């Protein structure tokens, strides 16, 4: 993922860190910060942020130089809030961190300063960036106990490309005061917008040649409590977003990125030779592109790299070909160079994936995005979208998290254009589960078949791509034993986990013993947990659904005359603008039950939650129906 360095830094700054007056570090806190503070009101959260602020100054005469001071004061109420005393300050090689100070004010008024020798430097983000120049200062404040107040601040000076483009007012605990101040030359222009919060704004004008000061502030900000299925946190938190200095519109973003890549996508003789080798014998341009894309996808390892501007700028295509590794932007660069050398037009596409949330087009900034893919235009004018990093998606398709996204395509001339990526229909993303039970005197012989297609197959492959066959079999056995605890599995076959052009197919045979009379509730086979997701009556955020989908569940039972079957199941259907659900029952030859759920939308908006919950509650109620199996009393 491109730009992960900068985005991750912003998240850490917003979640863990926290420029008030320049009083002595040994002075008590200003009375207005702690007076009338009712600790009982915030006990459940473990902490309350009394003040969170920063001041950024962009230097006159050098758009690439800025200084920022960061300051935070937090009251720790109980052990749930102790984590706020552990502070991480990420920084890159272009950033100088200085003047870190901290203290703990104990409940009796004592002051315990942070020992400078206990400020450590570590490598940041090793879990998802393999090569990075991002480091971090880390420290923990001393003598923290219930009722303590912690305070810390530091300065940072950034040279090179600077892009302080967001400020987050909200946290996981209540924030009583939050302020952000920006000082910049009055003749420089920028755009800003607030998200999910109304903030007060002051501007101190200045004549040309002097700095103009802007200040945003908010008070008594409620905490953000994450909910399952909610949109990306960066899209729901109360925050400010700024256009980077020097970026006035989206065409500036296109020109900026084109300037980073134009020399690096040029094919060399070696790249051209490799491309000709790969396309040899291909019948048309589409097949040629397929071979190039599959080479980059399958034979260039994905390795996240973020060194300096490398968070955005790819390596030279020739270097990527030689080393056979790179991240998304490196893979796209190599694909473009290979395609250019055989006269196929491929353009870079800057995208915010589903996990990163929707792009706010009101403020132009490259930091809205987190990934890079490509789009090819063939000689028959057809277009092919390519995500060269995703091994689970066949050529000609996009992984579900790239689908139906508003993207910024950077053209050969350095201009840009908005487009929306294609998306699968619900019927393309299908799960089919088919249970069969043949009752006999010893219990039942059973089988289970599951088929995953489209995005459902993609997710299954991601889960099991690197698993051993034994681990895959154990997963299937758990699916069966969760319904029939006494089952003995006799055969398991899983096909096409790595054949990405085909649906994944799972087949299993088993035997199980029954005690009669046997009561089988439908939710043993057809359980849906959507009503649980919607059960929270306090939910205020929409639900983002990964992709539209179809789920088909079937149960077919056969038996001999010595058994008697009763059930309370009827044909039924529920339809609205978000989903279609229906259930059918057929007793012509045995008992055949089928349920199908078609989910059409990718989002359930806040105002729809109650109505949608009622629909899924109805479905859950239908799944409480039952089948009763009795042995026939032959004495009668």
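The values are calculated or read from the model by the stated rules, or taken from the named source; none is laboratory data. Just so it is clear, the structure is predicted and the values come from calculations on it, not from any experiment. Backbone-built Cβ (ideal geometry, glycine too); neighbour counts: all protein chains shown.
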With the condition kept exactly as written, say whether any residue in segment 206-220 is out of contact with any helix residue (DSSP H, G or I) (no Cβ under 6 Å at 6 or more places or on another chain), assigned to a strand (DSSP E or B), modelled with pLDDT of 90 or more and within 30 Å of residue 532 (Cβ to Cβ). no
On the given criteria, is residue 357 within 15 Å of the chain's Cα centre (by Cα) and on the phi > 0 side of the Ramachandran plot? yes
Would you check which residues across segment 576-604 are exposed (fewer than 15 other Cβ atoms within 10 Å of the Cβ) and at pLDDT below 90 and list them? 576, 577, 587, 588, 589
Restricting to segment 234-246, and then to whatever is part of a loop (DSSP other than H, G, I, E, B) and at pLDDT below 85, can you tell me which residue is surrounded by the fewest Cβ atoms within 10 Å (Cβ to Cβ)? 246
Go through segment 459-474 and report how many residues are surrounded by 19 or more Cβ atoms within 10 Å (Cβ to Cβ) and touching a helix residue (DSSP H, G or I) at 6+ places or on another chain (Cβ under 6 Å). 0
Within segment 433-441, is there a residue that is in contact with a helix residue (DSSP H, G or I) (Cβ under 8 Å, 6 or more places away or on another chain) and under 20 Å from residue 370 (Cα atoms)? no
Return a yes/no flag: does segment 91-103 have any residue that is within 22 Å of residue 218 (Cβ to Cβ), touching a strand residue (DSSP E or B) at 6+ places or on another chain (Cβ under 8 Å) and in the same structural domain as residue 211 (by TED's automatic domain parsing). no
Are there any strands (runs of 3 or more DSSP E) wholly within segment 111-180 with 2 or more residues that are in contact with a helix residue (DSSP H, G or I) (Cβ under 9 Å, 6 or more places away or on another chain) and modelled with pLDDT of 95 or more, and if so which? 135-140, 149-158
Residue list for segment 550-566, restricted to those being surrounded by fewer than 17 Cβ atoms within 10 Å (Cβ to Cβ) and either assigned to a strand (DSSP E or B) or within 47 Å of the chain's Cα centre (by Cα) (or both): 552, 558, 564, 565, 566
Answer residue from segment 292-316, given it is in a helix (DSSP H, G or I), surrounded by 18 or more Cβ atoms within 10 Å (Cβ to Cβ) and modelled with pLDDT of 95 or more and is nearest to the chain's Cα centre (by Cα) among those: 297
Quick check, is residue 275 in a loop (DSSP other than H, G, I, E, B) and surrounded by 15 or more Cβ atoms within 10 Å (Cβ to Cβ)? no
Select from segment 221-233 the residues that are at pLDDT 90 or above and in contact with a strand residue (DSSP E or B) (Cβ under 9 Å, 6 or more places away or on another chain) and write down the one among them that is surrounded by the fewest Cβ atoms within 10 Å (Cβ to Cβ). 222
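Each row is one residue, and each column tells you yes or no for (1) within 30 Å of residue 196 (Cβ to Cβ); (2) assigned to a helix (DSSP H, G or I).
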position: 318; (1), (2): no, yes
position: 335; (1), (2): no, yes
position: 339; (1), (2): no, yes
position: 348; (1), (2): no, no
position: 359; (1), (2): yes, no
position: 374; (1), (2): no, no
position: 379; (1), (2): no, no
Can you tell me which of (1) assigned to a loop (DSSP other than H, G, I, E, B); (2) farther than 19 Å from residue 221 by Cβ; (3) at pLDDT below 90 is the one residue 57 doesn't meet? (1)
I want to confirm something. Restricting to segment 540-549 and keeping residues that are in a loop (DSSP other than H, G, I, E, B) and touching a helix residue (DSSP H, G or I) at 6+ places or on another chain (Cβ under 8 Å), which single residue is surrounded by the fewest Cβ atoms within 10 Å (Cβ to Cβ)? 540
In this structure, does residue 246 turn out to be in the same structural domain as residue 337 (by TED's automatic domain parsing) and closer than 30 Å to residue 66 by Cα? no
